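Reading through the structure tokens given below for one structure.
The values are calculated or read from the model by the stated rules, or taken from the named source; none is laboratory data. In this text the structure is predicted, and so the values were computed from the model without any measurement. Methodologically, a virtual Cβ is constructed for each residue, glycine included, from the backbone with ideal geometry; neighbour enumeration extends over all protein chains shown.
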């Protein structure tokens, strides 16, 4: 009997728990709920707390996250106003502004379906806005020329107006450009250009070095030549001084010019024969004239 | 009483079929993996209930047939007609025997196939990644499975109890399945509840456990079928039906383990352990103990411990009522109060521009020209646009390279949660939003700077500006986070062109080397020129000195020669002449022409020889050759 009573207590507790689960539900601070009665939305609950409902299938509760939700679209290719191909990816923050309007439009309030629709709108708006701006509005060495904020605002306005027109129950909280890129083919040309730019710098450095080296060498040679020229001049001057010193003794030789003349000739003869020389003498040249009276095999005349 | 058994069997059958269908529908509705396993089990239970009910009907018919035969025998006396044992006389008995002989083993084989096939299919099905409980349908499904569990439990308990009575043995298989089904429905409800308390994997693991259970049931059925072949048939002894699973019976009545354990203990200890007060208390109060456990479990949700470095948002019926700091806190039990933990003091990090690669991370040296992670290319501005010809394309079109360059950056961003309420309730995925905002600021910044500037002197400035800009964006969107650090730890041209950038550095070094070489050469040239100049002036000095001294010496010599010349001019002249002649011509080749008795023609080749050769060697003249 006691055991049966315990079973009844446990059963009752379980029934109470299950009944509570069936009749009561909570809405969190971060949530908004739509209650449908036989499929028709009847209540829109935006405040957090515990609420009662009839169990399924009479009433059904659909809860949605009312915080800002993020998603990023695909990295898609667009043509800029100056005919450049540009890949752009944007991120979007969106939130449910009217759950009652949102719920029936997206298959039981599917956020995935809402994001899918939002992505379609976003891609269309993005292509349109990118097509109105030149590449320099996206990438520019002068940061003041960039129009990032304006472009983002234009895309956001375009999507927002479409959402309001269709009364989807959602709104854009923010939108930003997350990524910029170039198609693979164009990326290769940019790589080639970057390589060419580096090649210019390489040539510049190489020939600047060569030119600088040549200048240095030339200056050094000029300086060396100057030094040698100066030295040569000094040497000539010094030699002249020596000759002048030597000339001071010439009056001594003037005492007997005949002897000096003879000595100079002898000196000249000695100097001229210092090199390899071939001398041809006949028998009359002293001292070979000693051969004149020697017996020979010459025929008698 | 016997009619009641059949009625109970029918009730079990109807309940099993209806709850099986309902459970299957709810399972499809909520997409619960454990629910699928539970549905398979309930379906098997319905089949077993049907087999049991059918066998009950056959036994009941046999019993009625025997009663009728006995009644007739009593009314008409002994007759050869009714004493016959021919099967035609007892068609109901014959039908029951045929049923037990052929249908029951066949049904056992069918059960084995269904159990094994169900286990295999379910195992494969739950491995698919897309499967999982739909969170928005969890609550009604949870409640419905709870109701199924309750209904099956009440009916199962009742059936199990009356199955212990005599001649009610055929009620036991279906009763066990119903009771075990109740427990499995409860387990399924727990799996669905796991999704609501952020443990979605519970459903998956329970489904795996149910697969194992179905596999064990199949193995048991196979074993039972094999043993059935060799089972000794003793006349008059009632056999246990093949489809009466002992495993399911144990699952339905775990308290029977107490009996088994008590018997084992009694045998081991030699006295009636099962009759001790403790054992009796444990056996009688098991439901109460289970209930107490549940109460303790519920009470345990009233205390929460927050670890250091964490904060928790406390919600009461979904409404935030406070932020809990590290330490112990009391709260209302689940589901009234719930807490959500956040790592607020901990510095968290995410990366922009690269995805760390475990293999590349181990490299000791990081080079521009070697990829060290999965890197992204960012667009940066370029001051000097150049149009070049694309050599890779087949066409002769000239592709215009846009006035941009590409750069690879690795930027770790560190942040801390400063306002946990803003972090929790502003955005559904605040970490992702923070990454988006930071990436946007990096893209924006790089799009407005020159490649060479940001790679060189603007690095520190860029890191500081980026941190301020990301913080401003975070504040604008009220994320409740503080950006602690933004590091430009790696910023370089893409790997494909990095080698050319290194060549530029090489060319710059070559330039410096050439300049230094030229300077060295200049130093050498100037030094040699200086030395040569020094030599020249010294030689000139020596010449001057030589000229001066030589002149004086010559003058002195001449002064001394004048008296000698004056004394004997011709002799002195001849003497000097021949002295000088001998000295001067000592090394010269001399030809002296004398008159001979032949008319000789002497030809002199006075050309200079280009180079020395053997003919120029001075060979000592032979004594046999005389000069001409």
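Candidates are the residues of region B:1-30 that are crowded, with 18+ Cβ neighbours inside 10 Å and more than 30 Å from residue B:164 (Cα to Cα); the one that is farthest from the chain's Cα centre (by Cα) is B:26. If you go through region B:423-472 and keep only what is farther than 25 Å from residue B:343 by Cβ and assigned to a loop (DSSP other than H, G, I, E, B), you end up with B:448, B:449, B:456, B:457, B:458. Evaluated against (1) farther than 19 Å from residue B:440 by Cα; (2) at pLDDT below 90; (3) assigned to a helix (DSSP H, G or I), residue A:144 falls short on exactly one condition, (1). May I ask you to list the residues in region A:73-108 that are in contact (Cβ under 8 Å) with a residue 60 or more places away in the chain, out of contact with any helix residue (DSSP H, G or I) (no Cβ under 7 Å at 6 or more places or on another chain) and part of a strand (DSSP E or B)? Answer for region A:73-108, where residues must be in contact (Cβ under 8 Å) with a residue 60 or more places away in the chain, out of contact with any helix residue (DSSP H, G or I) (no Cβ under 7 Å at 6 or more places or on another chain) and part of a strand (DSSP E or B): A:77, A:87, A:89, A:95. The residue that is surrounded by the most Cβ atoms within 10 Å (Cβ to Cβ), among those in region A:71-93 that are more than 16 Å from residue B:404 (Cβ to Cβ) and at the interface with another protein chain (Cβ under 10 Å from one of its Cβ atoms), is A:90. The set of residues from region A:123-141 being within 14 Å of chain B (Cβ to nearest Cβ), in contact with a helix residue (DSSP H, G or I) (Cβ under 9 Å, 6 or more places away or on another chain) and part of a helix (DSSP H, G or I) comprises A:130, A:136, A:137. Of the candidates A:270, A:275, A:292, the single residue that is surrounded by fewer than 16 Cβ atoms within 10 Å (Cβ to Cβ), out of contact with any strand residue (DSSP E or B) (no Cβ under 7 Å at 6 or more places or on another chain), farther than 30 Å from residue B:521 by Cα and facing another protein chain (nearest Cβ under 7 Å) is A:270. Just one of the listed residues (B:333, B:320) is in a strand (DSSP E or B) and either surrounded by 12 or more Cβ atoms within 10 Å (Cβ to Cβ) or at pLDDT 90 or above (or both), and it is B:320.
Selection of region B:336-366 for residues being touching a residue at least 40 places away in the same chain (Cβ under 8 Å) and either in a loop (DSSP other than H, G, I, E, B) or under 23 Å from the mean Cα position of the chain (by Cα) (or both) yields B:344, B:345, B:346, B:347, B:348, B:349, B:350, B:351, B:352, B:353, B:354, B:366. If you check residue A:214 against the conditions, is it within 8 Å of chain B (Cβ to nearest Cβ) and over 19 Å from residue B:381 (Cβ atoms)? In short, yes. Name every residue in region B:184-223 that is out of contact with any helix residue (DSSP H, G or I) (no Cβ under 7 Å at 6 or more places or on another chain) and more than 27 Å from residue B:136 (Cβ to Cβ), in order of residue number. Selection gives B:212, B:213, B:219, B:223.
Looking at B:257, B:297, B:288, just one residue is in contact with a helix residue (DSSP H, G or I) (Cβ under 8 Å, 6 or more places away or on another chain) and either within 14 Å of chain A (Cβ to nearest Cβ) or under 25 Å from residue B:194 (Cβ atoms) (or both), and that residue is B:288.
Taking the residues in region A:42-58 that are more than 11 Å from chain B (Cβ to nearest Cβ) and assigned to a strand (DSSP E or B) as candidates, determine which candidate is farthest from the chain's Cα centre (by Cα). Step by step, filter region A:42-58, then rank; the result is A:52.
In the condition set (1) at the interface with chain A (Cβ under 7 Å from one of its Cβ atoms); (2) more than 30 Å from residue A:204 (Cα to Cα), residue B:569 is compliant with all but (1).
Listed here are the residues, each with its yes/no results for (1) modelled with pLDDT of 80 or more; (2) loosely packed, with under 12 Cβ neighbours inside 10 Å.
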{"position": "B:342", "(1), (2)": "yes, no"}
{"position": "B:357", "(1), (2)": "no, no"}
{"position": "B:364", "(1), (2)": "no, yes"}
{"position": "B:370", "(1), (2)": "no, yes"}
{"position": "B:378", "(1), (2)": "yes, no"}
{"position": "B:382", "(1), (2)": "no, no"}
{"position": "B:386", "(1), (2)": "no, no"}
{"position": "B:390", "(1), (2)": "no, no"}
{"position": "B:394", "(1), (2)": "no, yes"}
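Out of A:152, A:156, one residue alone is within 12 Å of chain B (Cβ to nearest Cβ), touching a strand residue (DSSP E or B) at 6+ places or on another chain (Cβ under 8 Å) and part of a helix (DSSP H, G or I). It is A:152. When you look at residue A:172, is it assigned to a strand (DSSP E or B), more than 8 Å from chain B (Cβ to nearest Cβ) and buried (at least 17 other Cβ atoms within 10 Å of the Cβ), yes or no? For residue A:172, the condition - assigned to a strand (DSSP E or B), more than 8 Å from chain B (Cβ to nearest Cβ) and buried (at least 17 other Cβ atoms within 10 Å of the Cβ) - is met.
When B:489, B:509 are checked against the criterion of being out of contact with any helix residue (DSSP H, G or I) (no Cβ under 6 Å at 6 or more places or on another chain) and free of Cβ contacts under 8 Å to residues at least 24 places away in the same chain, B:509 stands alone in meeting it. Exactly one residue among A:180, A:201 is more than 30 Å from residue A:66 (Cβ to Cβ), facing chain B (nearest Cβ under 7 Å) and assigned to a strand (DSSP E or B), and that residue is A:180.
Just a yes or no: is a residue in region A:200-207 more than 20 Å from the chain's Cα centre (by Cα), without any contact (Cβ under 8 Å) to a residue 24 or more places away in the chain and over 30 Å from residue B:492 (Cβ atoms)? For region A:200-207, residues more than 20 Å from the chain's Cα centre (by Cα), without any contact (Cβ under 8 Å) to a residue 24 or more places away in the chain and over 30 Å from residue B:492 (Cβ atoms): absent.
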